Amino acid sequence: MLADLQAELDEIEASGLTKRERTITTPQSAHITASANGEAREVLNFCANNYLGLADDERIIDSARNALTERGFGMASVRFICGTQDQHLELERKLADWLGTDDAILFSSCFDANGAVFGPLFGAQDAIISDALNHASLIDGIRLSKAARYRYANRDMADLREQLESTKAMNGGAGARRIVIVTDGVFSMDGYLAPLREICDLADEYGALVMVDDSHAVGFMGETGAGTPEHAGVADRVDIYTGTFGKALGGASGGYVAARQQIVDILRQQGRPYLFSNSLAPSIVAATITALDLVSGAADLREKLFENAAHFRRRMDEEGFELLEGEHAIIAVMFHDAALAAKIADEMLNHGVYVTAFSFPVVPRGEARIRVQLSAAHSPEDIEACVDAFVAARKAVEA
């Protein structure tokens, strides 16, 4: 077995697809210290999910510190045994109120949240229709259900309609008992937004539920930061929200499902990652409550974030780079060749900018890219330095 695994690793290395982890020795921020080739240096960080720059916010850190003193390090239990503190319930209430749902339920991560949803809610008589580019956690969660599985091409509403039509043949022609359309709110490798209004229209036409994983939008998309459903004007038409606290909402960990009361109640009874995983640590819960309070008044940060994204797009266009279109703070700079993208990223680190190259199997073959993620913590000077590093790296690699 070990020989087989080593041969596979050697093949990955020879293809230029090895994923290497650079070590950071400072808090997550727009400016960090990272090691490369055994040397630690200060660099600009353009590859974190720290959209609002809250990962090192002192108010959030103070809340976590106080919770460590007052509530302890961890719960050493799952929720239904003896792992529920009053602050877990407070966070769930705040989250549900913000998103406009009846209730919410906490998980260790959004990966776990997505893993919990499908088994309890959808069985052999039901249909799950999933966007082809949905996150791996949704794909894995769907596999845990006995429901019939359908897939539609990314953001392709004609294909979605075809898949909805296909469900009519289920159960001897009686049709599916339940149908759910599942989509990311933002597709993380591209920065594309799901066409939620059109999805909700089709869901209404076919009597389907709508589920949105909004991990890359909650906190900064929409008028109050409540995410892509708010941004698209369909917040009251989405049936199941999932998301993470590990990106814009402080960047630590934890996830959630927010939905109608009966859905949340069933997940409390039957959601395996909820029933068999330790509760979120008190420090994370307290800090996330503070993050939600901060986000509710963070219109200035959201505005700064999108100003930064527009600035970066404009300058990269001027320098002749190929970008995927969009309005999100995720901006894919396309190089297509995996080895080239990796060399550009390595060279940029030499110019003081930390970015990451993505290639197969994270993205399709021939679509290798560097995913740049803007933050409200970036200054205009930081953005110019990033563009300059792209230009310099391109020259160095082409030389």
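Evaluating 6.51 cos²θ - 1.76 cosθ + 1.60 at θ = phi - 60° for every residue in the stretch 338-353, the Karplus couplings come out as 5, 5, 5, 4, 5, 5, 4, 4, 4, 5, 5, 4, 5, 9, x, 10 Hz, glycine and proline recorded as x. Surface composition of the chain: carbon and sulfur make up 49 percent of the accessible area, probe 1.4 Å.
Compare the peptides 100-106, 157-163 by average per-residue count of other Cβ atoms within 10 angstrom and give them in order, highest first. Show your work: numbers first, answer last.
Working: 100-106: 20.0, 157-163: 16.1.
Packing proxy ranking, top to bottom: 100-106, 157-163.
Dividing the summed helix terms, -39500 (n - 2.57) for each DSSP H run of n ≥ 4, by the number of residues in the chain produces a 222 nm estimate of -13500 deg cm²/dmol to the nearest 500.
Looking only at the chain, where both bridge partners belong to it, what percent of the DSSP beta bridges are antiparallel (to the nearest 5)? Here the antiparallel bridges make up roughly 60 percent for the chain.
Normalised radius of gyration (Cα atoms, divided by 2.2 N^0.38 Å) for the chain: 1.01.
Order the peptides 220-232, 164-176 from the highest to the lowest mean number of other Cβ atoms within 10 Å of their residues. Don't skip to the end; give the middle numbers.
Working: 220-232: 22.9, 164-176: 14.5.
Packing proxy ranking, top to bottom: 220-232, 164-176.
Straight Cα distances below 19 angstrom link LYS146 to the aspartates and glutamates ASP112, ASP126, ASP131, with same-chain residues fewer than 8 positions distant left out. Cross-link partners for LYS343 among the aspartates and glutamates, with Cα-Cα distance under 17 Å and sequence neighbours closer than 8 places in the same chain left out: GLU13, GLU21, GLU322, GLU367, ASP388, GLU398. Of the peptides 145-152, 261-268, the order by per-residue mean of other Cβ atoms within 10 Å, starting with the highest, comes out as 145-152, 261-268. Other residues with beta-carbon under 14 Å from the beta-carbon of CYS110 carry, at +1 per Lys or Arg and -1 per Asp or Glu, a net charge of -4.
Between the Cα long axis of helix 380-398 and the first principal axis of the chain there is an angle of about 70°, rounded to the nearest 10.
The 1.4 Å probe gives accessible areas that order GLU8, GLU90, largest first, as GLU8, GLU90.
Expressed to the nearest 5 percent, the antiparallel share of DSSP beta bridges inside the stretch 144-286 is 45 percent.
The values are calculated or read from the model by the stated rules, or taken from the named source; none is laboratory data. Just so it is clear, the model here is predicted, and its values are computed rather than measured. Cβ: placed from backbone, ideal geometry, glycine included. Neighbour counts: every protein chain shown. These accessible areas exclude ligands, DNA and RNA; they are computed on the full protein's heavy atoms, side chains included. Shrake-Rupley method; radii C 1.70, N 1.55, O 1.52, S 1.80 Å.
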